[in-house]
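**Q** Below is a structure I'd like to ask you about.
The values are calculated or read from the model by the stated rules, or taken from the named source; none is laboratory data. If you're wondering where the values come from, they're calculated on a predicted model, not measured in any experiment. Every residue, glycine among them, receives a Cβ derived from its backbone with ideal geometry; neighbour counts consider all protein chains shown. In case anyone asks, the SASA skips ligands and DNA or RNA and just uses the protein heavy atoms, side chains included. Shrake-Rupley method; radii C 1.70, N 1.55, O 1.52, S 1.80 Å.
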Amino acid sequence: MVPEDPTAGPALPDLDNPEAAMRDARQRFLATFPKRSDSIGLLLATVSTVGARGPVVPLRHAIHRLTGLAGMLGFPTVSARARDLEVLLEGVDTGTFDASRANRLFEEMELAFTDDLATPPAWVGPGALARGSGRIMVVEDDEDQREVVCINLEAAGYETLQVADGDSAIEAVRTGKPDIILLDANLPGVDGYTICRLLKNDAALASIPVLFITTRSSLDDRAVGLTLGADDYLVKPVDMSELMLRVQVLLGRRGAVRGQGEEP
């Protein structure tokens, strides 16, 4: 029996107060981490015993969510160990999965939680964020990660549009007309790479900058994304100040092209 996913929850509250919302998100992460960890531990124990016949998909999903969320909320070491574990799980499909190493990584991830907790981040308040304007679409299936990114973007003055799956992304772009798209590669339904290819092959949408935000960190993954026409590529966990700079650069570049006569 697959353990209940402890990651589901209500949307982040008080979006008019980004600092308070970020603190609340961090507190909820603190409160739910033991349950998240227990769930991952149970799934991992089963996969370690029975291999590919075990609950590999829910395990990957739980670790993937933890990788992104922990990094965004100030737990970088937890995020790094979870990402190592996610990469290691790729060996289940090829029969090269190292269960002993996976369990060591899981133990290191749990220990890292205490270490990261002792060195909390200095949250960037809305007054310190670089200001901007424009409409940004965030295509991300993880609700908490999507909300965290949008909180920071809205604090910096941007309007945000949220899309939770790949199947509805293209139509959402057509109707929402964003100035830039932040796109996760791993999505339910149509994956991010396919979405990027479809966007860049559509004359009406091709000029919209696409910035991948994903845990896929290999050079091959980056090369695929950029080859498909993506304008930039960021690996989770995302540093919010860097994200803001990348967004500003892409919007500035698009504005310059429009100034030269491109139709918006």
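Let's see how each residue does on (1) on the phi > 0 side of the Ramachandran plot; (2) open to solvent by 30 Å² or more (accessible area, probe 1.4 Å); (3) not hydrophobic (A, V, I, L, M, F, W, C):
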| position | (1), (2), (3) |
| --- | --- |
| H64 | no, no, yes |
| L73 | no, no, no |
| V78 | no, no, no |
| T94 | no, yes, yes |
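**Q** Okay, next question. Quick check on the range 188-231: of everything there that is of a type in the set (D, E) and surrounded by fewer than 19 Cβ atoms within 10 Å (Cβ to Cβ), which residue is nearest to the chain's Cα centre (by Cα)?
**A** Here the residue is D191.
**Q** Moving on to the next point. Tally time: how many residues in the range 148-185 are part of a loop (DSSP other than H, G, I, E, B) and open to solvent by less than 40 Å² (accessible area, probe 1.4 Å)?
**A** 8
**Q** On to the next question. Sort out which residues of the range 63-102 are modelled with pLDDT under 90 and of a type in the set (V, I, T), and write them in order of number.
**A** Within the range 63-102, just T94 meets the criteria.
**Q** I want to confirm something. Restricting to the range 124-147 and keeping residues that are open to solvent by 20 Å² or more (accessible area, probe 1.4 Å) and among the hydrophobic types (A, V, I, L, M, F, W, C), which single residue is modelled with the lowest pLDDT?
**A** It comes out as V124.
**Q** Let me ask you something else. Out of the residues in the range 232-251 that are within 15 Å of the chain's Cα centre (by Cα), modelled with pLDDT of 80 or more and charged (D, E, K, R), which is nearest to I195 (Cα to Cα)?
**A** Result: D232.
**Q** Go through the range 52-62 and give me each residue that's open to solvent by less than 40 Å² (accessible area, probe 1.4 Å) and either basic (K, R) or over 18 Å from T214 (Cα atoms) (or both).
**A** Selection gives G54, P55, V56.
**Q** Among the residues of the range 35-71, what is the count of those that are under 22 Å from the mean Cα position of the chain (by Cα) and more than 18 Å from R83 (Cα to Cα)?
**A** Residues flagged as under 22 Å from the mean Cα position of the chain (by Cα) and more than 18 Å from R83 (Cα to Cα) within the range 35-71 amount to 1.
**Q** Here is a further query. Tell me which residues, restricted to the range 186-224, are assigned to a strand (DSSP E or B) and among the aliphatic types (A, V, I, L, M).
**A** Result: V210, L211, I213.
**Q** Can you name the number of the only condition in (1) at pLDDT below 85; (2) surrounded by 14 or more Cβ atoms within 10 Å (Cβ to Cβ) that A31 fails?
**A** Against the list (1) at pLDDT below 85; (2) surrounded by 14 or more Cβ atoms within 10 Å (Cβ to Cβ), A31 comes up short only on (2).
**Q** Name the pairs whose Cβ atoms lie under 7 Å apart, with the first residue in the range 69-88 and aromatic (F, W, Y), the second at pLDDT below 90, and 6 or more positions between them or separate chains?
**A** Correct list of pairs: F75/F113; F75/D116.
**Q** Taking the stated definitions as given, is R254 at pLDDT below 90 and either of a type in the set (K, R) or open to solvent by 70 Å² or more (accessible area, probe 1.4 Å) (or both)?
**A** yes
**Q** Taking the conditions exactly as written (closer than 23 Å to A62 by Cβ, modelled with pLDDT of 95 or more and hydrophobic (A, V, I, L, M, F, W, C)), does V163 satisfy them or not?
**A** yes
**Q** Given the conditions (1) closer than 22 Å to I213 by Cβ; (2) open to solvent by 20 Å² or more (accessible area, probe 1.4 Å); (3) small (G, A, S), and given that A118 satisfies all but one, which numbered condition is not satisfied?
**A** The failed condition is (1).
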